[in-house]
There are 2 protein chains.
Amino acid sequence: MSDHVRGPVGPFEPPYYAVVFSSVRTAGDHDYAATAARMDELVADVPGFLGTDSAGTPGGLGITVSYFRDEEAVAAWRSNVEHRAAQRRGRADWYETYVLHVAKVERSHGFERH
Amino acid sequence: MSDHVRGPVGPFEPPYYAVVFSSVRTAGDHDYAATAARMDELVADVPGFLGTDSAGTPGGLGITVSYFRDEEAVAAWRSNVEHRAAQRRGRADWYETYVLHVAKVERSHGFERH
């Protein structure tokens, strides 16, 4: 949730995967910010990682959509050891609630004003 | 992007569809807010519409994820006459850039703190 405009990532050539993570945080940081920054670094090293868009509401709903080339890339990220530890911290400390959707993108298109 | 906390929608029973719309707006309103409110009303009437989560960054990236029961519901919304007119206004007036991803959700889960 930086405050400079960063355009949306994609579109990519289908099929690819979108992992939608929608969440509401608990109060306080509890090492969240540092871990989130570390996860951003780590996921970028996953072969087949395509990019991430992230946004939030003032009321605390966060939406992060990460794109991956294929199921294998999604699985590699899901099972990454540091990421698994972060997932446990998420349930223990950081999130009131979240929903994760793993989806295969069948169709995409982009528009850019000229 | 209201400022009260509204938890994420879902999870739903797979398979279902997620339509991810990530965008950066142009300056000014140009009837955007009124049309967006009308679209929120209209989509709720589409048979098979499951829900929407929406968030934005201070820098102007918006992410809206709408969930539908099946491809037919996605197609019904895409081809809705008022929605098509809004899509044209979007390209003419409202968006600097956007990316749309239509994806079939294969797996989902939710977490809620007790």
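Brief remarks follow.
- When restricted to residues that are more than 9 Å from chain A (Cβ to nearest Cβ) and farther than 20 Å from residue B:73 by Cβ, the range B:11-35 contains 10.
- Residue-level check: of (1) without any contact (Cβ under 8 Å) to a residue 40 or more places away in the chain; (2) loosely packed, with under 15 Cβ neighbours inside 10 Å, residue A:109 misses just (1).
- Residue check for residue B:12: out of contact with any His (no Cβ under 8 Å at 6 or more places or on another chain) and crowded, with 18+ Cβ neighbours inside 10 Å: yes
- Residue A:73 being assigned to a strand (DSSP E or B) and free of Cβ contacts under 8 Å to residues at least 60 places away in the same chain: no
- Count of residues meeting criterion [more than 7 Å from chain B (Cβ to nearest Cβ) and within 29 Å of residue B:96 (Cβ to Cβ)] in the range A:61-114: 6
- Selection within the range A:11-45 - assigned to a loop (DSSP other than H, G, I, E, B) and on the phi < 0 side of the Ramachandran plot: A:11, A:12, A:13, A:14, A:15, A:26, A:27, A:29, A:44, A:45
- Matching option when the condition is crowded, with 20+ Cβ neighbours inside 10 Å and modelled with pLDDT under 95, among A:56, A:60: A:56
- Search result, residues across the range A:37-53 that are surrounded by 14 or more Cβ atoms within 10 Å (Cβ to Cβ) and more than 9 Å from every other protein chain (Cβ to nearest Cβ): A:38, A:39, A:42, A:43, A:46, A:48, A:49, A:50, A:51, A:52
- Residues of the range A:95-114 satisfying the condition of being farther than 30 Å from residue B:26 by Cβ and among the hydroxyl-bearing types (Ser, Thr, Tyr): A:95, A:97, A:98
The values are calculated or read from the model by the stated rules, or taken from the named source; none is laboratory data. Predicted model only: the values in this text are computed from it and were never measured. A quick note on method: Cβ atoms are made from the backbone with ideal geometry, for glycine too, and the neighbour counts reach across all protein chains shown.
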